[in-house]
Amino acid sequence: MALLGAKYAHVTVKDQKLKGAVYYLVSGHGGPDPGALGLYGKNVLPEDEYAYDVTIRLARTLMEHGATTYMIVRDLNDGIRDANVLKLDHDEVTYPNQKIPLSQVSRLRQCTDAVNKLHRKHKEAYQRMVTIHVDSRSEGQNIDVFFYHHENSKVGKRLAKHIHKSFQSGYKRSQPNRNYLGTVSDRSSLYVVRNTHPPTVFIELGNIRNNKDQQRFLLADNRQALANWICTGLQTDYKTH
């Protein structure tokens, strides 16, 4: 798949655990809007580039298990990147190839329209949407990965809880001496959570301005681990739906 970049374009399907599942993957911001900006030394860290890299890694990981995946925000030349500092560009488009507008409401509407159109196409299938962001708070605030769902969506809540549980297990294995304090809560006021038709989980990966949190997405291995843990939660949700 060319969107994954030359190094990762070939995807070996390992199993069919997610065969029949359809995922809409939306990385936050993009195009004229880079989202939150962090600083790492003299380098600017743009939210949209880091959210995008975790999202496209998740797309590839889901494909390895036989899922149908749609990258809704797409960068046709970035692919999966292994650098620590990801360069800001403005050439992302919305599926299938729509220029992203500057206006926030227009951008969010364009994104939800793209998802809802595909949702109608897949009708009876198991369909879920995952949107991935990086938060911006005061520099001193260190936050764990946390999750939002729609208050009236039991299925969205269950989806968020399965991914949350996967993160609890992941941290227990990789950092046994660390307490994972990520939470699951409803936030129906978020445009994409409110207006997209498939059950949705909104994921915040951390505070882009906090040095500790930056390590979570600066290293390519850590970005892949985030994608893997999200995928594990999605597998549990699919298996038990």
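The values are calculated or read from the model by the stated rules, or taken from the named source; none is laboratory data. Owing to the predicted nature of the structure, the values given are computational and were not obtained by experimental measurement. Glycine gets a Cβ as well: all are built from the backbone with ideal geometry, and neighbour counts include every protein chain shown.
Tell me the residue from 25, 39, 76 that is more than 16 Å from the chain's Cα centre (by Cα) and either surrounded by 22 or more Cβ atoms within 10 Å (Cβ to Cβ) or closer than 27 Å to residue 191 by Cβ (or both), please.
One residue alone meets the criteria, 76.
Which one is nearest to residue 226 (Cα to Cα), of the residues in region 1-54 that are charged (D, E, K, R) and not in a loop (DSSP other than H, G, I, E, B)?
So the residue we want is 53.
Identify, please: which residue in region 108-136 is basic (Lys, Arg) and surrounded by fewer than 20 Cβ atoms within 10 Å (Cβ to Cβ) and is, among those, modelled with the lowest pLDDT?
Going through the qualifying residues, I end up with 123.
Residue 41: within 22 Å of residue 90 (Cβ to Cβ) and of a type outside the set (Phe, Trp, Tyr), yes or no?
The answer is no for residue 41.
Just wondering, is there one or more residues in region 206-222 that are assigned to a strand (DSSP E or B) and under 17 Å from the mean Cα position of the chain (by Cα)?
yes
May I ask you to list the residues in region 217-228 that are closer than 15 Å to residue 182 by Cβ and surrounded by 21 or more Cβ atoms within 10 Å (Cβ to Cβ)?
Those that are closer than 15 Å to residue 182 by Cβ and surrounded by 21 or more Cβ atoms within 10 Å (Cβ to Cβ): 217, 226.
For every residue, the table says whether it meets (1) farther than 23 Å from residue 211 by Cα; (2) in contact with a Gly (Cβ under 8 Å, 6 or more places away or on another chain); (3) not acidic (Asp, Glu).
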site: 27; (1), (2), (3): no, no, yes
site: 31; (1), (2), (3): yes, no, yes
site: 41; (1), (2), (3): no, no, yes
site: 64; (1), (2), (3): yes, no, no
site: 104; (1), (2), (3): yes, no, yes
site: 108; (1), (2), (3): yes, no, yes
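Looking at region 171-190, is at least one residue outside any loop (DSSP other than H, G, I, E, B) and in contact (Cβ under 8 Å) with a residue 60 or more places away in the chain?
no
Could you list, in sequence order, all residues of region 68-108 that are in contact with a His (Cβ under 9 Å, 6 or more places away or on another chain) and basic (Lys, Arg)?
Correct list: 107 only.
Looking for something modelled with pLDDT under 95, among the hydrophobic types (A, V, I, L, M, F, W, C) and either more than 14 Å from the chain's Cα centre (by Cα) or surrounded by fewer than 16 Cβ atoms within 10 Å (Cβ to Cβ) (or both) - is there at least one such residue anywhere in region 138-154?
yes
Considering only region 184-197, I want to know if a residue exists there that is closer than 21 Å to residue 104 by Cβ, surrounded by fewer than 20 Cβ atoms within 10 Å (Cβ to Cβ) and basic (Lys, Arg).
Among the residues of region 184-197, at least one is closer than 21 Å to residue 104 by Cβ, surrounded by fewer than 20 Cβ atoms within 10 Å (Cβ to Cβ) and basic (Lys, Arg), which makes the answer yes.
Could you say which residue among 104, 98, 110, 127 is touching a strand residue (DSSP E or B) at 6+ places or on another chain (Cβ under 8 Å) and without any contact (Cβ under 8 Å) to a residue 24 or more places away in the chain?
110
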